[in-house]
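Have a look at the structure below before the remarks.
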Amino acid sequence: MLRILGDTNYDFIGKRRGAYLLSLIFIVVGVGSILMPGVGLRYGIDFAGGTLLQLRFAEPVRVEAIRAALVEVQLGESVIQQFGDPQEYLIRVAAAGGRLEEVSGRVTGALQGKGLPGFEIRRLEFVGPQVGRDLQLQALQAVAWGVVGILIYTAIRFDFKGGVAAVIALLHDVLVTLGAFSLTGRELNLPVLAALLTIVGYSINDTIVVFDRIRENRGKGIRKGQTLADVINASINQTLSRTLLTSLTVFLVIAVLYLFGGEVLRDFSFALLVGVITGTYSSVFVAAPLIVDWEAWAEARARGRKAVAKA
């Protein structure tokens, strides 16, 4: 097997407390940003509903000029976003009433009335508010059912503790990614949902590789003077080269997609970039160490029961 590292003996388990703290900081900051009024997740038209127009002007224009034109037609709150270069913009209006042609006509009429350079409409979409809410619910259900399926699979293949540890690592990855979207003001839409589900699949694949080696090493028996933490630490080190090689190749492909894939794929590839990093991290510093702490807690509880029974 191709290896990018020789035999390693890093003490990952010994550093798990610091890793837990780092993860907690990222999750608290991210979730806090999501819940903070005026910040939070910025839903795309798929989930929020409304009308989206992608316009390309003949000459570069300023956001302020477009916004001033839209104020006069009173379409409600609008989001104006440069899309690649100063000549191309995405305009999202929350107007739910009226037909698609009516809303687009009011927008184009307002822009032409302000004397802005000639433009062409490259995309025109409308999603009703009820459809947006339904899509939000379906998105949550998709993620939830995916996590439940993974819990059942890992519990059967390994054990219940391993299944729960794997699911906690997956939730860690999803929360960190959503927090990154909230903090950077990126848009959450259906392609990003697809990226989140891809992250879940990638992360569990990484975790299963580590868990397989842990099961194999535990099956050989724990030698005298060796602890479960030593076995799990050795297992992580034995799979580390494979984990880093896989993650690095995936990261490079996604980085190229992020840099050269254009604005349409920018948020999708950003989610995957964050997910690959946090998925690799959680397999090493979250999922496997949780098994050590759970086993230690279970043993301490069993000893406490025996002590109470003797007393």
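The values are calculated or read from the model by the stated rules, or taken from the named source; none is laboratory data. Predicted model only: the values in this text are computed from it and were never measured. In this analysis, Cβ positions are derived from the backbone assuming ideal geometry, glycine residues included, and neighbour counts consider all displayed protein chains.
The table below gives the values:
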quantity: Counted residues, segment 242-285 - those being out of contact with any Asp or Glu (no Cβ under 9 Å at 6 or more places or on another chain) and under 16 Å from Ile214 (Cα atoms); calculated: 2
quantity: Flag if Asn205 is surrounded by fewer than 16 Cβ atoms within 10 Å (Cβ to Cβ) and in a helix (DSSP H, G or I); calculated: yes
quantity: Members of segment 259-299 found to be out of contact with any strand residue (DSSP E or B) (no Cβ under 7 Å at 6 or more places or on another chain), over 30 Å from Arg17 (Cβ atoms) and surrounded by fewer than 19 Cβ atoms within 10 Å (Cβ to Cβ), listed by number; calculated: Leu259, Phe260, Gly261, Gly262, Val264, Leu265, Arg266
quantity: Selection within segment 35-55 - assigned to a loop (DSSP other than H, G, I, E, B) and not β-branched (Val, Ile, Thr); calculated: Met36, Pro37, Gly38, Gly40, Leu41, Gly44, Gly49
quantity: Residues satisfying the stated conditions in segment 253-280, i.e. within 26 Å of Ala166 (Cβ to Cβ) and among the hydrophobic types (A, V, I, L, M, F, W, C); calculated: Val253, Ile254, Phe268, Phe270, Ala271, Leu272, Leu273, Val274, Val276, Ile277
quantity: Yes/no for Asp293 being charged (D, E, K, R) and modelled with pLDDT of 90 or more; calculated: yes
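Residues checked against (1) more than 16 Å from Ser203 (Cβ to Cβ); (2) at pLDDT 85 or above:
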position: Gly146; (1), (2): no, no
position: Ile152; (1), (2): yes, yes
position: Phe158; (1), (2): no, no
position: Ala169; (1), (2): no, yes
position: Leu178; (1), (2): no, yes
